[in-house]
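Derivation of every value follows stated rules applied to the coordinates shown; laboratory data play no part. If you're wondering where the values come from, they're calculated on a predicted model, not measured in any experiment. Cβ sites come from the backbone with ideal geometry, for glycine too, and all protein chains shown count toward neighbours.
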Protein chains: 4
Amino acid sequence: MEKSDLNPRGIIPPMITPLTARDTLDIAGLERLIEHILNGGVHGIFLLGTTGEGPSLSYRLRRELIEQACRSIKGRVPVLVGITDSSAIESLAISKCAAENGADALVLATPYYYPMTQPELLGYLQRLVPQLPLPVMLYNMPSHTKLAFDVDIVREAMKIPGIIGLKDSSGNMGYFHQLMHLAESCPEFSLMVGPEQLLAEATLLGGHGGVCGGANLRPRLYVDLYNAAMARDFKAVTNLHRQVMEFTSRFYSIGGPTFGVISGLKCALSLLGICGGAVAEPFFQIEGAKRAEIQNCLNTFGISKP
Amino acid sequence: MEKSDLNPRGIIPPMITPLTARDTLDIAGLERLIEHILNGGVHGIFLLGTTGEGPSLSYRLRRELIEQACRSIKGRVPVLVGITDSSAIESLAISKCAAENGADALVLATPYYYPMTQPELLGYLQRLVPQLPLPVMLYNMPSHTKLAFDVDIVREAMKIPGIIGLKDSSGNMGYFHQLMHLAESCPEFSLMVGPEQLLAEATLLGGHGGVCGGANLRPRLYVDLYNAAMARDFKAVTNLHRQVMEFTSRFYSIGGPTFGVISGLKCALSLLGICGGAVAEPFFQIEGAKRAEIQNCLNTFGISKP
Amino acid sequence: MEKSDLNPRGIIPPMITPLTARDTLDIAGLERLIEHILNGGVHGIFLLGTTGEGPSLSYRLRRELIEQACRSIKGRVPVLVGITDSSAIESLAISKCAAENGADALVLATPYYYPMTQPELLGYLQRLVPQLPLPVMLYNMPSHTKLAFDVDIVREAMKIPGIIGLKDSSGNMGYFHQLMHLAESCPEFSLMVGPEQLLAEATLLGGHGGVCGGANLRPRLYVDLYNAAMARDFKAVTNLHRQVMEFTSRFYSIGGPTFGVISGLKCALSLLGICGGAVAEPFFQIEGAKRAEIQNCLNTFGISKP
Amino acid sequence: MEKSDLNPRGIIPPMITPLTARDTLDIAGLERLIEHILNGGVHGIFLLGTTGEGPSLSYRLRRELIEQACRSIKGRVPVLVGITDSSAIESLAISKCAAENGADALVLATPYYYPMTQPELLGYLQRLVPQLPLPVMLYNMPSHTKLAFDVDIVREAMKIPGIIGLKDSSGNMGYFHQLMHLAESCPEFSLMVGPEQLLAEATLLGGHGGVCGGANLRPRLYVDLYNAAMARDFKAVTNLHRQVMEFTSRFYSIGGPTFGVISGLKCALSLLGICGGAVAEPFFQIEGAKRAEIQNCLNTFGISKP
């Protein structure tokens, strides 16, 4: 595959980063997790995103993860690497590490400390993206970065060579539809949705897939839903979407509104013997009664050790 | 139709309020507008919502509108009346006027001046709703009221007799899916979506229709999209949804981000000779070059005098 | 006093509205409350503000309050009347009622339902203020209205005849200093602060006083603090400011973060036999254990029946 | 000075980081800047804060800055080092670097990528602070971190050994007064204010000084204002506060609302020949007409090469 031909499509899980301690990679767990995810038929793997605790990890560990994951994935699917940072220098350094290890694309949200205007944000992209060694997906994540890519800015950003798509985690489907409308004249521009609850509609109405956190645990469920939506098999879509809603409504609420998704996924993966449940600060590892609740939830949904 | 059997479904346009001046109802225009909308095959009409400028109108004019509109509609479709107010006394007074004139249901957003907590909001509903003479749809509109109905509060509110559904204008489809999941055990609870860009997916995935502002101008377009989605005619849905995106992206941007929808709809309806373009403060009436742009847009989309 | 010469200065309490039920004015309580407040030496009384539950009251009761309060105050101090409304027509109607009953000025926050841009807000003021029969103080209250008067808009608004000052309840002293800097060339423009915790510094550094909710209960405390600050009696300022902090930290926390101020003031005034404790929706009346806590707090601070 | 006896007071400028390029420290400029600031009589220097572009710099450069600055300051005033980071591991690493180079204290805002609840934030402090090798000032900066330290959390955080104070850049003086009220029983707890427009009132009413960005350029002005406020010389306070307002209103508006402060300070310092004007992304260096405006502004206020 030519790097410049990358055209992200399908289910690209934002992989959690398996840890044995806050600054220690769980290498054996990483290998098991990658096989677990690939066995589900996913179309790519996204490292160091929000679900991957990218911003919480040391730069040393981020590099180690890129190396180990690329080595384990061995080109079976495209690898995307998150380089979002408050420091452009560090974004560049990680992008070089990604390229050297054979990754396929980068994922870039807005800088997330200093507020800025939309024209300033466009200027940032126009200066930074040409320095990056790999194609870039923009990542719209205003709940965490305080700053969205407005539609008018995306229109301009689409003209910057190297920007190949956008992942939208805003949850605002009106915005996503505006982007799809904008991209009609540019069919190779990839538009993917973050929240897995929106995978069905995004795919049915013209989007290219989802970056679904839950696909760390249940990759097949999201791949099946994506395939059903692409095939316009409406009965299957309805059934699989309901499964996603049942599962996420129950599962993510256990760990609480802020830390529930990531700490919960890691807890479940450790219960399945896939990798450790350790998390980096500011997250808390789920233990005790909450861990038992997660086990119950896995039982309810028939999720067991592979 | 028994009032208690009302089960809002389909396209229920939030009718603009035709004015000849800020405090003068355009009665002839109102009659033409109602016929225009009903000719499109809509399933109900919603008076005094956000698009209807409810909060900007004098109470005298709100009453006059209810009387005239109910008289003109003559029971051909259900009439819903917005009673949202910062004063519960005034909400009650409008609700009585609605009942006396034969309206079918009320629509109630949160009070929008004083901030409050979710339990305080639930208490407000528990005290107010039993005093209302008609069934009530909740109206989630946090961009204007500063306050959403959280999912946990909706769960409790569903137990209050008289609450028959919820219209969600948050644009947050993750929230809407959570409500649909919540309401699976309560199939008569009506869930409708506000932004017309979300009508297709909301209807495809289990929602009951939309309260589409654009249906003031093009009622048939939205009715067709709703019917196609209910029939799972995916080709028609795709085509009609694209028409909605093309039209709204172009049309609503003319009048600017805040006043564009309402002032724009009124300008277009006046260009079509249906009713006057006057608006109540704080809106501005669209004039001059912008009015010409709206005429151009109508021409482009082939929208002409009925 | 010529109306056009009004120059608000000092302590102008935002009077709570005494009620015996949500839509029934406590007329005897109103007279006692006015005498209680005037005995404290205040420089004006502000009716129908946020503390006065203006947006929660029926229009009938708002009118009755204006009549009764103006009659009882008998011109002993200037009377300011809040006319903030989502409907400009209703703002105008209340402004006429205020003028007919001999009030001295109006207080106007931004419309609080529809979002708007700053230029749109300036246009609203430029159209509405010339229609008002009395001088106007602007009221910056973004926590409740979602919309602030930006410094650049205040600069333009100062040129509109009839606008005589601004009350800032944003709590943002950097903004307040910018306004004071702006108004240096316009010494008759009145700048008053809302939060009573900021009265000391606002008055020390060039502001003209405060619209202190606590002055309903303890008018003398705030008048003393204002006078000490004007006299640059720093020792007295320090002592009185500390009393304000001790009292407000303790007192307002009893009723909770949202309803604590207004429900708490009404509860305390009813315990002192001044007026009833009833509140309009969406507030709750304080009862039971919370009411006992408020009595304890009054005892602690030596506040007893006049 | 014993580290544990550090009691931050007075004017502690958040030093800009002199650069010749985005990842190259301007070492000669750094030495000139430090002498310039110390000549103004300041009471400490704060490295790697918001004004210091801490979050935008590479970790390599952050370390180089700490080394060089500590070497140049030579213990003449206490050195505080910002360690705020989305990664706790990197915060710890910088804290060790600070301790090894003889810095006196650390400054820690909330992690700024993942949202969290207040109890989760307290847990973060309770786990992280005991691992830090130096005393810690908390840094309340919700405009940049999305998350404030609520008063109730500060109450608990004051019990964590090692936390010696809080710098509040929220601009919310009501909050600051609550903290001062809270800290009355703990007189060694340092409370400093961020926005320089609030230095006068914060110091007059019990605060311990300010972390004033403008003190990079005009250290004496802020030191004089602090001293006048401590001496209760009200005439001098009024005069100096007015100078601060005149200067900041004019100067910071040149570079625009978001980048104006930091890019403007660097531009002015380069015009004075003190250090280079280069900035790290996402900021833009001020050039051309804006640079001429800054020179004009310096001329107007009589600020010339030292």
* Structure fact -> at B:G102 the sorted inter-copy label distances (label 7 Å from Cα on Cβ side), in nanometres, are 5.0, 7.6, 9.1
* Structure fact -> Exposure-ranked with fewest Cβ neighbours within 10 Å first, B:C186, C:C70 stand as B:C186, C:C70
* GluC sites (Glu not before Pro) lying in DSSP loop within region A:1-108, provided at most 12 other Cβ fall within 10 Å -> A:E2
* Whether the protein assembly as shown is rounded, prolate or oblate, judged on the alpha carbon gyration tensor where a/c under 1.5 counts as rounded -> oblate
* Quick one: order A:F234, B:F176 by neighbouring beta-carbon count within 10 Å, fewest to most. => A:F234, B:F176
* To do: Go through region A:162-168 residue by residue and turn each phi into a ³J(HN,Hα) via Karplus (6.51, -1.76, 1.60, θ = phi - 60°); whole Hz please, and just put x for glycine and proline.
  => x, 8, 10, x, 8, 9, 10
* At B:E156, with labels set 7 Å past Cα in the Cβ direction, how many nm apart are the copies from this one, shortest first? -> 2.4, 4.4, 4.7
* Per-residue HN-Hα couplings for region C:111-127, Karplus 6.51 cos²θ - 1.76 cosθ + 1.60 at θ = phi - 60°, whole Hz, x for Gly and Pro? -> x, 10, 10, 7, x, 8, 7, 5, x, 5, 5, 4, x, 4, 5, 5, 8
* FRET efficiency, A:S185 to D:K159 (Cβ-Cβ, R0 56 Å, nearest 0.05) -> 0.40
* May I ask you to list the trypsin sites (Lys or Arg not before Pro) in region C:152-217 that are in a DSSP loop and have at most 10 other Cβ atoms within 10 Å of their Cβ? => C:K159
* Work out the length of the dipole vector of the protein assembly as shown about its Cα centre, built from +1 on the beta-carbon of each Lys and Arg and -1 on the beta-carbon of each Asp and Glu, and round it to the nearest 20 debye. => 0 debye
* Asked: Say a label goes 7 Å from Cα toward Cβ at A:G75 in every copy; what distances in nm does this one have to the rest, shortest first?
  -> 6.1, 7.6, 9.6
* Asked: Mind checking which lysines have their C-alpha under 19 Å from C:K74, skipping anything on the same chain fewer than 8 residues away?
  -> C:K3, C:K96
* Asked: Gaussian network model of chain D, Cα springs within a sub-10 Å range: biggest mean-square fluctuation belongs to which of D:G171, D:G277, D:G49?
  -> D:G171
* Could you line up C:M137, D:M192, C:M180 from fewest to most neighbouring Cβ atoms inside 10 Å? => C:M180, C:M137, D:M192
* Taking every residue in A:276-286, how many Cβ atoms of other protein chains lie within 10 Å of its Cβ, on average? -> 4
* Where in region C:102-127 does the amide nitrogen come within less than 16 Å of the point 7 Å from the Cα of C:D5, taken along Cα to Cβ? -> C:104-105
* If a/c stays under 1.5 just call it rounded; otherwise compare a/b with b/c (prolate if a/b is bigger, oblate if not). Do that for region D:131-216, with a ≥ b ≥ c from the square roots of the Cα gyration tensor eigenvalues. => rounded
* **Sequence-distant residues sharing a close amide H with A:A278 (under 5 Å, placed H)** => A:L19
* **Karplus-derived 3J(HN,Hα), 6.51/-1.76/1.60, for each residue of region C:87-97, Hz, glycine and proline x** => 10, 4, 4, 6, 4, 4, 4, 5, 5, 5, 4
* Peptide A:210-223 - average C-beta neighbours from other chains (10 Å radius) -> 0
* **Residue-averaged 222 nm ellipticity for the protein assembly as shown, from DSSP H runs of 4+ at -39500 (n - 2.57), nearest 500** => -13500 deg cm²/dmol
* Asked: What percent antiparallel are the DSSP beta bridges of region C:10-217, to the nearest 5?
  -> 10 percent
* Asked: Under the definition of partner shielding as Cβ atoms of other protein chains within 10 Å of a residue Cβ, what is the mean value for peptide A:101-113?
  -> 2
* To do: Kindly work out what percent of the DSSP beta bridges joining two residues of the protein assembly as shown are antiparallel, to the nearest 5.
  => 10 percent
* Structure fact -> Residues whose built amide H sits under 5 Å from the amide H of C:G82, excluding neighbours closer than 5 in sequence, are C:L47, C:L48, C:G49, C:V107
* Asked: What lysines sit close enough to A:K305 to cross-link, taking a C-alpha to C-alpha distance under 21 Å and skipping anything fewer than 8 places away on the same chain?
  -> A:K266, A:K290
* region B:162-306 shape via C-alpha gyration tensor axes, a/c threshold 1.5 -> prolate
* To do: Could you pull out every residue, at least 5 positions away or on a different chain, whose amide H is within less than 5 Å of the one on C:L166? Hs are placed 1.01 Å off N in the peptide plane, and Pro or chain starts have none.
  => C:L138, C:S190, C:L191, C:M192
